[in-house]
Each structure stands twice: as C-alpha cells, then as structure tokens.
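Shown next, in structure tokens, is the structure this report addresses.
The values are calculated or read from the model by the stated rules, or taken from the named source; none is laboratory data. Just so it is clear, the model here is predicted, and its values are computed rather than measured. Cβ coordinates were reconstructed from backbone atoms using ideal geometry, including for glycine residues, and neighbour counts include every protein chain displayed. Accessible surface areas use protein heavy atoms only, side chains included; no ligands, DNA or RNA. Shrake-Rupley method; radii C 1.70, N 1.55, O 1.52, S 1.80 Å.
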Amino acid sequence: MANAVYKLLVCLKSTSNSMDKTSTIKTKSKKRSTTAASKTAPPGASRKPVYLDTSLLFKAVMSGSSEGIMITDVKGAIVKVNNTFCEATGYTAGELIGKNPRILKSGRHPRAFYKDIWDTVSCGKNWQGEIWDRKKSGDLILKRLSISAIDGGGPEKTLYIGIFTDLERRIFRDEALTVNAYFDTLTGLPNRAFFIENLKHLIYESKRTGGIAAVFFVDIDRFKNINDSYGHQSGDQLLLQVADRIRPFIRKSDFTARFGDDEFTFAFGSLENVEDIKTVALRLRALFSEPFVVGAKKIYATASFGISVYPSDGDDADVLIRNADNAVAEAKRRGKNTFAFFSHKMNIRAQERIKVENELYNAIQDNQFELYYQPIVELDAQQVCGFEALIRWAHPESGVISPMTFIPIAEETGMIIQIGRMVLTKATKKIRQIQDLGYNDVYVSVNISSMQFRKLGFFDACNAIIDAAGISPTSLKIELTESIVMHSTDETVDTLERFRARGISILIDDFGTGYSSLSYLRNLPIDILKIDRSFISEIENKRDALAVATSIINLAHNLNMKVIAEGVETEEQMRLLQRNSCDMVQGYYFSKPIEDQKALDFLQAFRAHA
Ligand code: C2E
Ligand code: MG
Ligand code: MG
C-alpha cells in the first residue's frame, strides 16, 4: 500500500506540473499543491522515502489541494475523492464512492470524446483537456482535467487518478484571466467562445441523432439610443436584467451566451419541427414584454430575433451563427421587435453590405468625399448668415451617394470617426475661404455623430483643426441630435461647456422628432434649435404643424436660443415662419446644398443683391 501511495504522490506531482505547463491558467493555489508534493519528493526516484509517513502525506495532499481529485479502480468505480472535488460537484464522498464517474456526465460531449480519454489512459498515457461535467444540482461545470493511470502492482491493481481545476471559479478569481474565460464579465453569462465550442458539440450530437437544432441571434433594438440617452451605466444595467430574464428560460439541453455588446445567442437542440422553433421564438420575445426598471426609470426595450436551423441552413457552427446574424438584420429591416428565419437571399444582401463597407473603407483612403453647402438665411435681414456642411460620397461607379445611405454604416463600423474628422477639416478650410473673401459674419455648421462626440479627446481634436485652419471658433457651429444631449452624462455636459466657452455654438438638429422631455434645454448650453423638416413641410396646410413650429420658436426665445427652420421649400412657408418670429431658414426655397465653389458664388451674389 505504501508503495502505491508513494507512486500516487509522484503522479500527483507530475500531473500537477504538467497541467501548469499545458494550461495557460496559473494560480497561487496551484503552486501550493505542487510545493506540498515537491517537498515530499525524494532526490532520486529509486530511493525509498523511509523518512516519510506516506499515508499521512497522502491525506495532507488530498485535503490541502485546491484541485479536485478523484481516484477510481481498474473497473472504473470511484474509490476516493477529496473535499475540493465534493465542493465543486455538490456530491458528498459517500454519494460518490463505488459509483462510476459517468454520474458526472454533462451530455455535452459525444461518445467519441470519452472513448478518446479511456483509450489514452488505458495504454498508460496521460490525458489532458477541458471537459464539461454536471454537478449534483444539474448545473454545468467546466473543468481542466488531467487523468493518468497509477500502477498499483499488477493489472488488477491499476488505479486512475483524475485531477481537475474548476475553470469557472478560476476565471472569476482572477480578472486578468478573462482572455481565456468562457464567461462574460458583465452579465456572468457564457461568452462567444463558450457558445461556439458548445454549438460544435450540439451539431455533432444532432448529426448523430438526426435531430433538428436552432440558433437564435438576439439583438436589442435601438440599444445605441438607450446608451446615448440614458448613459452607458444604465445600458449595462439593462443588459444585466436581460441576462437575469434569460437564465431561467434555458433548459438543461440548451445554452445561451452574451455574444457581443447587445447581442445574445441561444442554441436549442432536440427540436421536432419548425413549429417548435416558432414557439421558442415567441417565448423569447415575451422576455422583453415588460419594461426594464433602471434606477428610477422604466425602459421599454424590444429585441429582434434571427433564426438559423440545422441542418437546412448550415451544418457548421460558424455558418449557422453567421446565418442567424443575417436573419437578425432582416428582422430589423422589417421594423424590429420581430423574428426572421434565415433565407439564402439574405446571404446575398449580407454580401452586398460587406461590399459597401469595403468600398466605404477605400473611399476614406482615396478621399472620395465632398462637402456640399446649403445656405442658411436670416429672415429679418434677408441675408445669408451661414451654411450647413453636408457630406456626399462621390462613388467612382455609382455616382453621388447620399449620406442617408452611408452615414449609418459609417457609424456602425466606427468609420465615422475618420469621416467626421475629414468633414471638420474641410469645413474649417471653407470657413477660411469665406473669411478671406471678407465675410467674417458667416458661419458653417457641421453635423456631429454621437460616436464622434463621445470619443475621448473630441473637443481637443476640434480645437486643433480650428487652429490649423486659422479661423475664429465663433464661425463654426456643431449640430447634435437630441439623443446625444438627452439624459446627458457629466462628460457630455463638460464637453458642451467647453465648446460654449470656446465660442463654438451648439445646435440641436431635427428638433421635435426625438424625445418628449424638454428639461435638458434648461440645463445645457444650447444656442440654436433647428425645427425638423417634417413640421415645416406641413405648416401651410396643417394647423397642428404650425402650432408645433410656433411653440418651438416661443420656447427657444424664452430660453434665449435662436431658431432655424429646416426644409423650407416655398415662399408661403418662409412668410409664415417670418410672421411667427423664426430667426433663420434653410431649404430648397433659397437653395439646395451646393458644391464648394458654387457656395462661395452664391454667397457673393446674394450679398451683392441685398
Ligand atoms: P440633416 O443634418 O438634418 O440635414 C438636412 C437634410 O435635409 C439634408 O439632406 C438636406 O439636403 C435636406 N434638405 C434641406 N432642405 C431641404 C428641403 O427644402 N427639402 C428637402 N426635401 N430636403 C431638404 P442630406 O444632405 O441628404 O443629409 C441627410 C442627413 O445626413 C443630414 O440630415 C445629417 O443627419 C446627415 N449628414 C449629412 N452630412 C453629414 C456629416 O458630415 N456628418 C454626419 N455625421 N452626418 C451628416
Ligand atoms: Mg444637420
Ligand atoms: Mg436636420
């Protein structure tokens, strides 16, 4: 017996060491067990350690190890487990001794996986890898496991020792390990790596059993707006609550993950037919039927669902995920808060989208963008007082492309940062030209995207561009949408104050279309409200549209702000606005957005005429 115990200790030491070598995860606690073993190791393997009580030592190693240890006999019956093993699995030693380790099987691995383990260890080799087991509670546990055989002095006396590290616990113990982690640090849900790994197994199983499986891609609708409007902390709170609603929904055979920012994925196996999938989709959608309560606010968030099905939409994890992702884009196109099944047509659309992204990327490199300028006219003086800079993409094959088409893609991909910088540079150069012609009272306003505004150092970058152009900051105005300034965070207020202090006016674009709360207007340094075109186009015929426009004018004036009416197309509209004390107008009545030099010509002609 003493001999077997000694061999076991040597085995423990070498297993533990080799785990350290293969695993990228190292912890202090692991060192503890290896040190315990190495202190007891004799200088030469052939010398008998007469100075040690090996059974005492064995007990110490078993009880002191932070790795779970299980020993089985040659027939596979469990003969010994340590406390760590019991704590991690939820079983008592009494419940395990004499049982077969298959009691711990998770159902996550194919039969071939276990066969490979036993083929390896039964020929005397060491097996190492990651394995999903199931705890007594039914929860899953992800282990890094090492199994080896111990020669107990004859074939019947062979013992097998399995030593594992609970990866999940390690992950949470040391944040630096998140690179290797299988769990999302915010929600605690499994992450993308977990999902892909397990989807592979699910597909393998479905292939074996001939079953149907479904992958759901879930994307929260307008999450960017939620983040912009309520701040990132509230956005995080909402994601946490979504995760809390998801957890109880998941059956033992299904799995979920937080796949990306506001994206969650689900995989469901053992489905009978498409009707089953629709039922699941409806139940998933119901998770969003109640509002989310974040602090004192109730946030109504919906989600869009994209579904791909094994085997019809793909037989590999990556393809199924990609197709479910394409389907979610389709659900968004259909108006959000709905679900869409993947179809092969979507693949074509997705490829087109990738093409546009690539072309947009090249357009930045090749500088295919131009700024058009739309005059803004002061009504009292009937004089051009400024221009709005509006970007156009001069596509080499498709001609001029509207910003409505490519700005959303630029925002989603982050390319808006480079594009925005380029717009500011060109616009400030235009201001320089205008000032060189002697018009120091004419401004240019530039549209700023939320991502651009929130980017660290935006104010400084703006300043550098202004300085490089050598212009007065008062001749530049920035146009922001309501979503940026609503529920503004301290950083937003700070940035706005810095712009104001520098003399750069802030304008709220498309005013009236965003949010109902007006309280932010009192607290933020805003100079101009631009009434949205949708109201202006109806002021001649609809009294309520005129009522909205005049209310905005009165509100702005009471708060010491000026008003621009956008989309003025007729003389009648212009007169109505003038009668109601609107300060400035912009629209096709005076001019469409015009190219570089034409804008200067327009200014000179208008001023000469006035
Ligand atoms: P916006 O800032 O509200 O710009 C006004 C839009 O209304 C412009 O469309 C302009 O051409 C159009 N418009 C002006 N007057 C009239 C009119 O009388 N009738 C009609 N039917 N339309 C009129 P555009 O140039 O297509 O720009 C669309 C949107 O794209 C802009 O809306 C703005 O949100 C965005 N955008 C344009 N340039 C930039 C840019 O440099 N950066 C960013 N982030 N967004 C930009
Ligand atoms: Mg604008
Ligand atoms: Mg606008």
Original post:
Going toward the positive end of the dipole of segment 365-609, with +1 on Lys and Arg Cβ and -1 on Asp and Glu Cβ, which of V442, I416, T405 do you reach last?
Top reply: V442
Original post:
Taking all protein chains as present, what is the carbon and sulfur share of the accessible area of segment 192-342, in % to the nearest whole number, probe 1.4 Å?
Top reply: 49
Original post:
Taking +1 at the Cβ of each Lys and Arg and -1 at the Cβ of each Asp and Glu, which of I103, V485, Q383 sits farthest along the dipole of the chain towards its positive end, judged by Cα position relative to the Cα centre?
Top reply: I103
Subject >> Principal axes of segment 318-452: Cα extent on each, largest first, Å >> reply: 62, 34, 26
Original post:
Counting only residues 5 or more places away or on other chains, whose amide H sits under 5 Å from the amide H of K80 once H atoms are built in the peptide plane?
Top reply: I71
Original post:
Given H placed on each backbone N at 1.01 Å, which residues far from I594 in sequence or on other chains put an amide H within less than 5 Å of it?
Top reply: Y373, Q374
Subject >> C-alpha center-to-center spacing [segment 507-554, segment 213-241] in angstrom >> reply: 29
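Taking the Cα centre of segment 192-342 as the origin, how large is its charge dipole in debye, to the nearest 20, when only Lys and Arg (+1) and Asp and Glu (-1) carry charge on their Cβ atoms? Please list the in-between numbers first.
Details: 21 positive and 21 negative charges, 80 e Å.
With only Lys, Arg, Asp and Glu charged at Cβ, the dipole is about 380 debye.
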Original post:
How far apart, in nm, are the 7 Å Cα→Cβ label points at T279 and R579?
Top reply: 6.5
**OP:** Let me know the number of lysine pairs in segment 365-609 closer than 18 Å at the Cα, not counting same-chain pairs under 8 apart.
**Re:** 11
Subject >> Options A267, Q241, F217, ranked by Cα towards positive dipole end of segment 192-342, top entry (Cβ charges) >> reply: Q241
**OP:** Note down the relative contact order for segment 56-175 as a percent, whole number, built from C-alpha pairs under 8 angstrom at least six residues apart.
**Re:** 25
**OP:** Report the accessible area of W118, computed with a 1.4 Å probe over the heavy atoms of all protein chains in place, in Å² rounded to the nearest 10.
**Re:** 110
Original post:
Given labels modelled 7 Å from the Cα in the Cβ direction, how far is it in nm from Y300 to D544?
Top reply: 1.7
Subject >> Hz values of 3J(HN,Hα) by residue in segment 195-202 - Karplus curve (6.51, -1.76, 1.60), Gly and Pro given as x >> reply: 4, 5, 4, 6, 5, 4, 5, 5
**OP:** Figure the gain on full extension for D601 and E156 (residue separation times 0.36 nm, minus the Cα-Cα span) and round it to one decimal in nm.
**Re:** 150.3 nm
Original post:
If the cut-off is a Cα-Cα distance under 19 Å, which aspartates and glutamates reach K99, setting aside same-chain residues fewer than 8 apart in sequence?
Top reply: D73, E87, D133, E156
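Show me the ranking of peptides 60-66, 336-342 by mean Cβ neighbours inside 10 Å, starting with the highest. Could you put the intermediate results ahead of the total?
Working: 60-66: 17.3, 336-342: 20.0.
Ranked from most to least packed, the peptides come out as 336-342, 60-66.
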Subject >> Cα long-axis angle, helix 111-122 against the chain (0 to 90 degrees, to the nearest 10) >> reply: 40
Original post:
Kirkwood Rh, the chain, all Cα pairs: how many Å?
Top reply: 29.4
Subject >> Amide hydrogen neighbours beyond the local backbone of N447, cut-off 5 Å, H modeled >> reply: A389, E479
Subject >> Rg(Cα) / (2.2 N^0.38 Å) computed for segment 119-167, rounded to two decimals >> reply: 1.35
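Please report, as a whole percent, how much of the solvent-accessible surface of segment 75-150 comes from carbon and sulfur atoms (probe radius 1.4 Å).
Numbers: 1840 of 3630 Å².
Its accessible area is 51 percent carbon and sulfur atoms.
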Original post:
Under the Karplus relation 6.51 cos²θ - 1.76 cosθ + 1.60, θ = phi - 60°, what is the ordered set of whole-Hz ³J(HN,Hα) values for segment 404-417, x standing for Gly and Pro?
Top reply: 4, 7, 9, 4, x, 5, 4, 5, 5, 8, x, 5, 4, 5
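Tell me, what is the percent relative contact order of the chain, built from C-alpha pairs under 8 Å that lie six or more residues apart?
On the way: 984 pairs, mean separation 50.0, N = 610.
8 percent.
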**OP:** Calculate what fraction, in whole %, of the accessible area of segment 467-610 sits on carbon and sulfur atoms when a 1.4 Å probe is rolled over the protein chains.
**Re:** 44
Subject >> Heavy-atom accessible area ranking, 1.4 Å probe, most first, across I196, I419 >> reply: I196, I419
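Dividing the Cα convex hull volume of segment 365-609 by residue count, how many Å³ per residue is that? Don't jump to the answer; show the numbers that get you there.
Numbers: hull volume 32.5 nm³, N = 245.
It comes to 133 Å³ per residue, whole-number rounded.
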Original post:
In whole Hz, what ³J(HN,Hα) sequence does segment 418-432 give by Karplus (6.51, -1.76, 1.60; θ = phi - 60°), x for Gly and Pro?
Top reply: 5, 4, x, 5, 5, 4, 4, 4, 5, 5, 5, 5, 5, 4, 4
Original post:
Based on Cβ point charges of +1 for Lys and Arg and -1 for Asp and Glu, what charge dipole magnitude is obtained for the chain about its Cα centre, in debye rounded to the nearest 20?
Top reply: 3500
Original post:
To the nearest 10 square angstrom, how much accessible area does V444 have with a 1.4 angstrom probe?
Top reply: 0
**OP:** In nm, give the distance between the simple-model label positions of E572 and S343, each being 7 Å from the Cα along the Cα-to-Cβ direction.
**Re:** 4.3
Original post:
Is any residue of segment 394-436 close enough, with backbone N under 14 Å, to a label point placed 7 angstrom from the Cα of D366 along the Cα-Cβ axis, and if so, which?
Top reply: 394-401
Original post:
What is the calculated FRET efficiency for D436 to K200, with r their C-beta to C-beta distance and R₀ = 56 Å, to the nearest 0.05?
Top reply: 0.30
Subject >> Inter-part distance where segment 71-120 and segment 367-429 are each reduced to a Cα centre, Å >> reply: 66
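Could you state the accessible area per residue of the chain in Å², with a 1.4 Å probe and every protein chain left in place?
On the way: 29230 Å² over 610 residues.
Using a 1.4 Å probe on heavy atoms only, each residue of the chain averages 48 Å².
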